[in-house]
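The structure appears right after this line, and notes come after that.
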Amino acid sequence: MAGAFEWMSSTPTGSTGGAERPSSGTEYLVGVAVRAHGLRGELVVDLHTDSPDERFAPGTSLIAQRPGAPAGTLTVESARPHSGRLLVRFAEAGDRDSAEALRGTRLLVPADAIAPPDDDEEFHVHQLEGLRAELEDGTVVGSVREVVHGPGGELLVLARPDQDDALVPFVLAIVPTVDLAAGRLVLTPPEGLLD
């Protein structure tokens, strides 16, 4: 169940967080341009996908959303790992100044480019968000507002009525059941996790 994730979310574009964000319901965020790197037009990109080799393969076209600008298209020229991020060069940004102008650009792929998971125990983030979170006895404790990628793994952000959000590790011991058809997941939280 807590297997591979394609970092997608059903949260509106304007929100922030660690999971992918669709722009219009038909596109999913796979990365965000952080800053220019070097003089050759490379960009440091924060990843929001478990498939960077596929999403940032040379020749791949990505939808580019820049704050305050209409969406455009960027074509990946090269990509390589760098300190937990990716250094990406786009055909449209041949020098440092062009790359720097892309700072903050959200990089998206069309929804139809995202294949369904191969395994019943793998989920795309957008499938988890909005699910009702219940205890084993059926008590509803909230709903999944967001899935974030933390240093120790994925965390479910549970929106709870009249309480602060709770962070729940997305591991089999705590989330033994995900029932997409029923729109719910079952939690077996250790004592104090939801307090």
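The values are calculated or read from the model by the stated rules, or taken from the named source; none is laboratory data. Remember, it's a predicted structure, so these values are computed and weren't measured experimentally. Positions of Cβ are generated from backbone atoms using ideal geometry, with glycine treated the same way; all protein chains shown enter the neighbour counts.
Scanning for something outside the structural domain of Arg145 (by TED's automatic domain parsing), at negative phi, at pLDDT 95 or above and out of contact with any Pro (no Cβ under 9 Å at 6 or more places or on another chain), does the stretch 43-54 turn up at least one residue?
Scanning the stretch 43-54 turns up at least one residue that is outside the structural domain of Arg145 (by TED's automatic domain parsing), at negative phi, at pLDDT 95 or above and out of contact with any Pro (no Cβ under 9 Å at 6 or more places or on another chain).
State whether the residues of the stretch 100-112 include one that is among the basic types (Lys, Arg) and not assigned by TED's automatic domain parsing to the domain that holds Gln65.
Looking through the stretch 100-112, none of the residues is among the basic types (Lys, Arg) and not assigned by TED's automatic domain parsing to the domain that holds Gln65.
When you scan the stretch 174-195, how many residues do you find that are over 15 Å from Thr139 (Cα atoms), of a type in the set (D, E, K, R) and within 24 Å of the chain's Cα centre (by Cα)?
Counting residues in the stretch 174-195 that are over 15 Å from Thr139 (Cα atoms), of a type in the set (D, E, K, R) and within 24 Å of the chain's Cα centre (by Cα) gives 1.
Out of the residues in the stretch 34-71 that are acidic (Asp, Glu) and farther than 19 Å from Gly94 by Cβ, which is nearest to the chain's Cα centre (by Cα)?
Only one residue fits best here, namely Asp50.
Among (1) free of Cβ contacts under 8 Å to residues at least 40 places away in the same chain; (2) under 19 Å from Asp46 (Cβ atoms), which single condition is Thr105 missing?
Among (1) free of Cβ contacts under 8 Å to residues at least 40 places away in the same chain; (2) under 19 Å from Asp46 (Cβ atoms), Thr105 violates only (1).
The rows are residues; the columns are (1) buried (at least 19 other Cβ atoms within 10 Å of the Cβ); (2) more than 21 Å from Gly183 (Cα to Cα); (3) of a type outside the set (Gly, Ala, Ser).
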position	(1), (2), (3)
Glu100	no, yes, yes
Arg106	yes, yes, yes
Pro110	no, yes, yes
Pro117	no, no, yes
Phe123	yes, no, yes
Gly138	no, no, no
Pro151	no, yes, yes
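Is it the case, given these coordinates, that Ala133 is surrounded by 15 or more Cβ atoms within 10 Å (Cβ to Cβ), of a type in the set (Gly, Ala, Ser), closer than 19 Å to Leu39 by Cβ and at pLDDT 95 or above?
no
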